[in-house]
Amino acid sequence: MSLNFCVLASGSSGNCSIIWTDKTAALVDLGCSSRYLLENLDILKIPSKNLEVVFLTHAHMDHISASGLNFIIKNNVPICTHDNVLKDISKKYGDKVKRCLNMPFSKSFEFKDLVIESFDVHHKDRNVSRTLGFTFSHYLDRKEYKIGYVTDTGKICGKIINNLINSNILVIESNYNRMMLDSSFRSYDNKIWVLSDFGHLSNEDAAIAVCKIKKVSTKEDSLKYVYLAHISHHHNTADLAIKTVKEILSENNIKNINLLSTKRKQKSQAIRIK
Ligand SMILES: [Zn+2]
């Protein structure tokens, strides 16, 4: 019996993570190509037929790509997400979305040996009306192990912190370094959106959120692994994100966290619990 997790790809060119247990395998987002997904499933020795559901956070193309959608339709893998997210995806991909199987979605439900909670995060624009965060819990020897998943949010509010309390594994975006964003070639409007409450989190924002979650968590092994995700190719680097978060954790006397970076086109370190 085990709970396993790996970020397969993370960043503006595609986001996809996988959770697998002895009973099921589920993706969170499918913004990479189906070829890239299949290559990585092969490396992890997970047969693609084991994929039973894709949980979608939102409709941006780096979270559900055309190739990813084709894979979902061809392999009859159900999508599980809020109706508003499905509507956003339909606006982008049209009638094709009607050919997807939909798994009933609610704020909290069980699927095989996973308990899933969803909650709203702060990430919107003219194409995206709603973005979700998730937690995935799994019981091993009657003990709960939890994965918290929040990428793409302009701010971390108290409700999000509450949802992420006691996560053993946390995936949180650490999108930009402020100085690099200011001097990047992106348009003024795009920068304003990235910085807004509906855009993305800076390295400092991510670090402060990790400190807050750790401080309110009651379990000793909370936040044992923290993946810094959605690191911008244009206005951040993995080294800078890790360095900044490490410094802020140290200033706040937060210990026993393994910080892991994620890459755009390379899977991260996989974590196996038990
Ligand atoms: Zn997005």
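The values are calculated or read from the model by the stated rules, or taken from the named source; none is laboratory data. Note that the structure is predicted; figures quoted are calculated from it, not measured. Heads up, the Cβs are rebuilt from the backbone with ideal geometry, glycines too, and the neighbour counts pull from every protein chain shown. Surface areas here come from the heavy atoms of the whole protein model, side chains and all, with no ligands, DNA or RNA. Shrake-Rupley method; radii C 1.70, N 1.55, O 1.52, S 1.80 Å.
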Probe radius 1.4 Å, ligands and nucleic acids left out: which of M103, M180, M61, M1 has the largest accessible area, and how do the rest follow?
M1, M61, M180, M103
When the charge dipole of region 3-273 is computed with +1 on Lys and Arg Cβ and -1 on Asp and Glu Cβ about the Cα centre, the Cα farthest towards its positive end, among V245, A209, Y227, belongs to Y227
Relative contact order for region 39-143, counting Cα pairs under 8 Å that sit 6 or more residues apart, in percent:
25 percent
If you place +1 on the Cβ of every Lys and Arg, -1 on the Cβ of every Asp and Glu, and leave all else neutral, what size is the dipole of region 3-273 about its Cα centre, to the nearest 20 Debye?
320 debye
Treating only Lys and Arg (+1) and Asp and Glu (-1) as charged, each at its beta carbon, one finds that region 1-159 has a dipole about its Cα centre, in Debye to the nearest 20, of 360 debye
Find the relative contact order for the chain and round it to a whole percent, using C-alpha pairs within less than 8 Å whose residues are 6+ positions apart.
19 percent
For the chain, calculated [θ]222 nm from helices alone, where every DSSP H run of n ≥ 4 adds -39500 (n - 2.57):
-8500 deg cm²/dmol
So what are the radius of gyration and Dmax for the Cα set of region 3-273, in Å?
17.4, 52
